[in-house]
Protein chains: 2
Amino acid sequence: MKFVENAAGRRVPEEVNGRRETPFQGVGKFRPEGTKAKPPIRTCADYPADGNKVVGSLEEALRKCGLEDGMTISTHHHLRNGDELTEKIFDAAHSLGVKDLRWFPSASFPCHANLVSRLEDGTIHHIEGSMNGPLGGYASEGKMRGMGVLRSHGGRYQAVQDGEVHIDVAVIAAPTADPFGDAHGLEGDAACGLLGFALADSEYADRVIVVTDNLVPFPCVPWQIQGNNVDYVVHVDSLGDASKIVSGTTQITRSPDRLLIARYVAQFIEDAGIMKEGFSFQAGAGGTSLAFAIYLKERMKAAGVKARFVRGGSNKYLVEMLEEGLTDYILDGQTFDLDGVRSMRENPRHVNTSPFTSYNYHGKGAFASMVDAVVLGATEVDVNFNANVVTHSDGYLLHGIGGWQNCLASGCTILAIPSFRDRIPVLVEDVTTLVGPGETIDVIVTERGAAINPRRQDLLDATNNSSVPIRTIESLFEETRAICGTPEPPALDRDTPIAAIKWVDGTILDAAYKAVGA
Amino acid sequence: MKFVENAAGRRVPEEVNGRRETPFQGVGKFRPEGTKAKPPIRTCADYPADGNKVVGSLEEALRKCGLEDGMTISTHHHLRNGDELTEKIFDAAHSLGVKDLRWFPSASFPCHANLVSRLEDGTIHHIEGSMNGPLGGYASEGKMRGMGVLRSHGGRYQAVQDGEVHIDVAVIAAPTADPFGDAHGLEGDAACGLLGFALADSEYADRVIVVTDNLVPFPCVPWQIQGNNVDYVVHVDSLGDASKIVSGTTQITRSPDRLLIARYVAQFIEDAGIMKEGFSFQAGAGGTSLAFAIYLKERMKAAGVKARFVRGGSNKYLVEMLEEGLTDYILDGQTFDLDGVRSMRENPRHVNTSPFTSYNYHGKGAFASMVDAVVLGATEVDVNFNANVVTHSDGYLLHGIGGWQNCLASGCTILAIPSFRDRIPVLVEDVTTLVGPGETIDVIVTERGAAINPRRQDLLDATNNSSVPIRTIESLFEETRAICGTPEPPALDRDTPIAAIKWVDGTILDAAYKAVGA
């Protein structure tokens, strides 16, 4: 394995799974060349005139798609931790005797823990996609044959669009679909709202299978996935556990520290002048973010300010804002609860988006950079504002990137983090894994105050009189170190990368390494 | 100019505008090879982070797009005969001193007559696209430098998708748009409903300019055209004459003969057993088609039958069917009146479609073949059920193909035609120009009765007891000849093709020829 130092000063592998990669060249510096991927031309002569593409089983569909050893199968993660389809896909592949597949999910979850057995029996060679939980642990322990590749949601679209990742067979779990393959996520037992994470797959894969447990007569409207891109449709009894697809509960943090952070963030956004008529914001799905949204809403009401749009991941709090007229639109990338699903189904101002519209860095612009403020989390942030969201301080790969990297394009990127968790510092001297370059991160808000990136003199000026304590990142770091001490560096084998971390433009920003002695 | 005889027995040019073409090989016989067109990869680094792509003028936008001699500019025709933008585009190109452009409209209309001056002064080299009216006459007289290429709506999508036609600059008239380039046709002075004819252009053109007279703050929802595909936005005072964009009047024929034809068609569809619960149909925009829709609606009500979907071109009669619960959906390709626009704006069951969903023969199926019955017109039909929609009996090219060829994929294609018009026979021995191969046409309905294609024994059996007079095409033809006599063949220079007629798969089905002595 050869390594090279990239523009962020990180030592990264030159090759990933046999493919030569471009090291990170700096934010906005890499210039793509060439043309987009070019799927084969099809003809209606090969598809049933009556539009009925239903076949008897997933196995039959995979066989008709010509599934072979070494191919790439993609899936989406809108069913989140309730997905029961993916396991069946690889069971079917196993039954067909197919080996060494690359699994290219938009993300994996704890519910996919059983797929370790398909990695072990050789059906799956390796996973390229965010690995949340057990599969990340498996990779961290050096047990996966190939290297993982972590991409943001936008980076995944970019990789497929640009032809870096060729999908042989896309399998799209569809809460509602018709026999032609038109599909949406708004209704059915597995209703998850939208299917945007599968858009690239449907557009660029050689073959596309739609699997549904709610087959309706043509036309399935709205066609979030277009049947014109679909080869086969499979009708199954169930796609998964509805109670885990959308949790139905959205828990606001009860931690006084987290509530304080949330309050600071809302106040910062108002004091900085960002919260003004027609502004926009995005917040994550965690408990702190939820609390922030509620605090911000109170401030908006008090000030008589209406947002033009808010970005989801949607939940009942955003839906309330829409329904109370506090925002014109929700532009939503995934629905986190049943209120989000209902609102998207009923309200034309609750609009489904995709990684193409929102995040693809290799398009003619994307929504992400048009958001005035975004509030995100992190597992680690260092004194240069660099941030990590994929590994823990022990070096274990336990989280995906999601839309996090893409959101850094916002006008004001705020990381809302505690200074430490369980006595383990979040504020560190150097992040274990670099996922967000410091120059893209504008503000850190902790329970001990906020630190503004010195590059943002405008924000420093604007918040001169804010009641949020504005401090330097160094002082926050020193205070944290005084409490927690200096942690042991993680025990990692730095010659054995287990996953590459891509930047939004497809270059290699960093790598995660094998945990030693695990 | 070299010619070759194709599978329909037509003598067609081997080359069109210097490009070697494939002669028609039979319905469903041509197999495409290779991959789709591959637009260049772009990067957000080259687009404004705030999403504001507005530039000062159309001329500036064209200059920034790098418009050069010999390039291809595309436009759509949703503004129909009210379009005032296209003329301004070529005025701007003329101001820039650019020559020999290929104009690639989805259709042209009488309102574009002034563009003859841009053909004459060398700004436009030739037109590839349906030429309705004066431009067709100009071409027919042999005055255009290049050869016209007539494609169906689906064929146009196919040609762009397959890379047969490379669009350098697409200019998209948008009744409503935001500074990012998201656009729709539902609101604004130029509201035309949808923008589906511009979809291929937005996806595949090197550069895309959106021009609007109704600029709204981001996000413009729904984004029928996606800003992520757009390079520049231009704000103008007016796109055109609203009264000519959607006529606001939809005239049902008063001709007793035409009304009889319409009644026969409705009765035929009921008697043949096509009009059953959950069926679907499509009818054109002409007066006979409108009358047919009204008669069919009466029969549906009487029989208690509901359609699953009807295809538009929408008008107030289809909208009434939707609002009265006689169909679950309108799947609409263009709106012909203000009721259509309103319904599409307000009713989620009035769904906008595109040539990709509906008509593209080089996709994984298309809606067209899933329609149970379609009612269309023709300028000529011959004794082999071959039909013509582009030339008159004098050989003049005066109409475009529109969706007509694509609709022939329907389960039952019915041509509703008078036997003759102004003593000129519509039923002829051999069509002047072949646009629809006889094997794709199932029924001819005239004021003298219906003729069923002998290939459709099922329809012959089903309508055995119909009160519609079922006759042979030969007897209808002979009766017409007895009335009108045998017309003079058109005076055409058969060595000088002025336009190629493409089949839905991109092969050359026929050509239109120079009118002699005009």
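Descriptive notes on the structure:
- The Cα-based radius of gyration of the range A:235-280, divided by its Kirkwood radius, gives an Rg/Rh of 1.30.
- For A:T472, inter-copy separations between label points set 7 Å beyond Cα along the Cβ vector come to 10.1 nm, shortest first.
- Of A:K38/B:K502; B:K2/B:K143; A:K29/B:K38; A:K301/A:K364; A:K64/A:K364, those spanning more than 26 Å from alpha-carbon to alpha-carbon: A:K301/A:K364; A:K64/A:K364
- Each stretch of four or more DSSP H residues adds -39500 (n - 2.57); spread over every residue of chain A, this sum gives -6500 deg cm²/dmol at 222 nm.
- Inter-part distance where the range A:250-293 and the range A:485-503 are each reduced to a Cα centre, Å: 31 Å
- For the range B:256-487, the gyration tensor built on C-alpha atoms gives a prolate shape. Its axis ratio a/c (a ≥ b ≥ c) is at least 1.5, and a/b is the larger of a/b and b/c.
- ³J(HN,Hα) computed for each position of the range B:26-34 - Karplus, 6.51 cos²θ - 1.76 cosθ + 1.60, integer Hz, glycine/proline x: x, 5, x, 8, 5, 10, x, 10, x
- Inter-copy label distances at A:E141, shortest first and taken from points set 7 Å along Cα to Cβ: 8.4 nm.
- Equivalent-ellipsoid semi-axes for the range B:53-162 (Cα gyration tensor, √(5λ), whole Å, largest first): 21, 16, 14.
- Principal axis extents of the Cα atoms in the range B:57-245, from largest to smallest and rounded to whole angstrom, are 47, 34, 32.
- In order along the range A:386-402, the Karplus-derived 3J(HN,Hα) couplings, from 6.51 cos²θ - 1.76 cosθ + 1.60 at θ = phi - 60°, round to 5, 9, 10, 10, 9, 10, 8, 5, 8, x, 5, 7, 10, 9, x, 7, x Hz, and Gly and Pro are given as x.
- Closest approach to the axis carrying B onto A, counted by Cβ on chain B and given in whole Å with its residue, is B:K38, 2.
- Reduced Cα scattering model of the protein assembly as shown, Debye log10 I(q)/I(0), q = 0.08 Å⁻¹: -0.82
- 10 Å Cβ neighbours from other chains, averaged over peptide B:44-56: 5
- Rg and Dmax, both from the Cα atoms of chain B and both in Å, are 22.5, 72.
- Shape of the range B:396-518, Cα gyration tensor, a/c cut at 1.5: oblate
- Karplus-derived 3J(HN,Hα) values for the range B:317-331, using 6.51 cos²θ - 1.76 cosθ + 1.60 with θ = phi - 60°, are 6, 5, 4, 4, 4, 5, 6, 8, x, 8, 8, 6, 9, 9, 9 Hz; glycine and proline are entered as x.
- A Förster radius of 41 Å combined with the Cβ-Cβ distance from B:R145 to B:E346 puts the calculated FRET efficiency at roughly 0.30.
- Alpha carbon centroid spacing (whole Å) that separates the range B:44-82 from the range A:78-118: 45 Å
- Cα centroids of the range B:355-422 and the range A:334-403: 48 Å apart.
- Between amide H atoms placed 1.01 Å from N, distances below 5 Å from B:L492 occur with B:V516, all of them 5 or more places distant or on a separate chain.
- Relative contact order of chain B, taken over Cα pairs closer than 8 Å and 6 or more residues apart, is 16 percent.
FYI, it's all coordinate maths here, none of it is from the lab. In this text, all values refer to a predicted model and were calculated from it rather than measured experimentally. All Cβ positions, glycine included, derive from the backbone under ideal geometry; neighbour counts span all protein chains shown.
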